[in-house]
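Remarks on the structure that follows.
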């Protein structure tokens, strides 16, 4: 019975997503003028696709990550995973230089970043979990330190960089919703699909993993291997989202927890779907507001950061009571 | 199932030091001893949850770490003390996880019958649809035990299962342990603090002191005035009630 209720809830969310998409693609478009119409579509379509992909990547990665570490107030971005990606991206540019093929070919640069990110992030974060024994407060604390650590190094690198190189870097490093890195759309979709396919067995085990390490092993799960693989998947997803639209610290936290509160279930198939749909509503709806109501004066990431910060405090406080 | 010379060190200090014993099949074995004697660590090594520094754990003729995890989970179940789940999970859904080794996420008709029986065994019928994070500690403990029962394994390992339970539910649990052994032929290994529960409901007792076995034998052999005084360093009186040696300490 609960499952049916949740299917209905997901359907409502899906309708909201479609509504947001339709709104985003139509509001303020001049349908009567052929040329203006074509222009608007050319601008808006890649952005819409990028937002859909980002919501998918961050929404699913956040839920998976929370289940791995068995806590719902932590997300990969809160622990600096997106900052790490920015750092890697900058470092690659810094070493290769703006004359290299990496600077010209966005897809090649993305692939190199992904490979480094997968290796580095898996090592750092699995070591972090191991060292802190999954103690969530320590993980959060160290994660916050890591976030500023990564972004400081990244800033330092950009400071000492050649101004011309910095200029090249800037255009695609500070990707945002107004400046979507649309060159890598196709490759992103391929990466996300491939990762989901490669780790489908582990994804099916997520429900059991949330019972905790002891119970998961008791029920016959190869725990350590499973966690390692899922963590790698999460880093690749976050890397992809960051490459496309830049860091979005609190988005994952908001949508993952909205999904958990809204659906009240342990089934990850539903939780992940819910989180992804919430992500699409928040991003596309938010961007619609930003573009049409605030006329680009405030970027959507600001709303997400402010709203997410407040929501994070709320979650921390209410969790304490429980 | 037997263990040979198993040892576990934390920071160079041996918590379990060269322990060997054989587990009598189809019987109830209780591990007792003072705090820090290594009972729970031995239990962890028996169940592959804790890695050994040296020694051998043989399960049905094969070293336990060589078993396929899925296969082993159909034959040996473990319930530890630390169980907190942040998920929205109902009692019935938790118990249903006991069937995971058999049918993955998809429950068959047979699975559902086994789940029903496990819930009835632990008298959880009244709140099977409640979320486990809204239950009292004792109710939650019983839900976990129902899950282990639903797992339907030959060997059941319970680490301090009577913790958090009041006298009624603790006694009930021990009776269920007895029934699991007598009626269903299961081998149950428990870590217990209450010596009298161990004495009344077990067949064998293994007493630990400082990471080593102090005594291993039938209940009558181990539960004596002298042995218990040696193990716990307090004075004991033993009374025979219903043919079992129950102890009084003060």
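In region A:234-243, the count of residues that are surrounded by 24 or more Cβ atoms within 10 Å (Cβ to Cβ), within 11 Å of another protein chain (Cβ to nearest Cβ) and either in contact with a strand residue (DSSP E or B) (Cβ under 6 Å, 6 or more places away or on another chain) or in a helix (DSSP H, G or I) (or both) is zero. Across region B:76-112, which residue is surrounded by the fewest Cβ atoms within 10 Å (Cβ to Cβ) among those that are more than 10 Å from chain A (Cβ to nearest Cβ) and not in a helix (DSSP H, G or I)? Per the criteria, the residue is B:106.
For region B:55-75, a tally of residues being within 9 Å of chain A (Cβ to nearest Cβ) and loosely packed, with under 14 Cβ neighbours inside 10 Å returns 2. No other residue among B:123, B:129 is at pLDDT 90 or above and either assigned to a loop (DSSP other than H, G, I, E, B) or more than 10 Å from every other protein chain (Cβ to nearest Cβ) (or both) apart from B:129. Applying the selection to region A:93-118, what residues are modelled with pLDDT of 80 or more and over 18 Å from residue A:241 (Cα atoms)? Correct list: A:93, A:94, A:95, A:96, A:105. Residues that are free of Cβ contacts under 8 Å to residues at least 40 places away in the same chain number at least 2 in the following helices (runs of 4 or more DSSP H) confined to region B:179-236: B:219-222, B:225-232.
When the residues of region A:206-228 are filtered to those that are free of Cβ contacts under 8 Å to residues at least 60 places away in the same chain and part of a loop (DSSP other than H, G, I, E, B), which remaining residue is nearest to the other protein chains (Cβ to nearest Cβ)? For region A:206-228, the residue satisfying everything is A:220. For residue A:188, the conditions (1) away from chain B (no Cβ under 14 Å); (2) in contact with a helix residue (DSSP H, G or I) (Cβ under 8 Å, 6 or more places away or on another chain); (3) under 23 Å from residue A:128 (Cβ atoms); (4) part of a helix (DSSP H, G or I) are fulfilled apart from (3).
The values are calculated or read from the model by the stated rules, or taken from the named source; none is laboratory data. Nothing here was measured: the structure is a model prediction, and the numbers come from that model. Neighbour counts run over all protein chains shown; Cβ positions are idealised from the backbone, glycine included.
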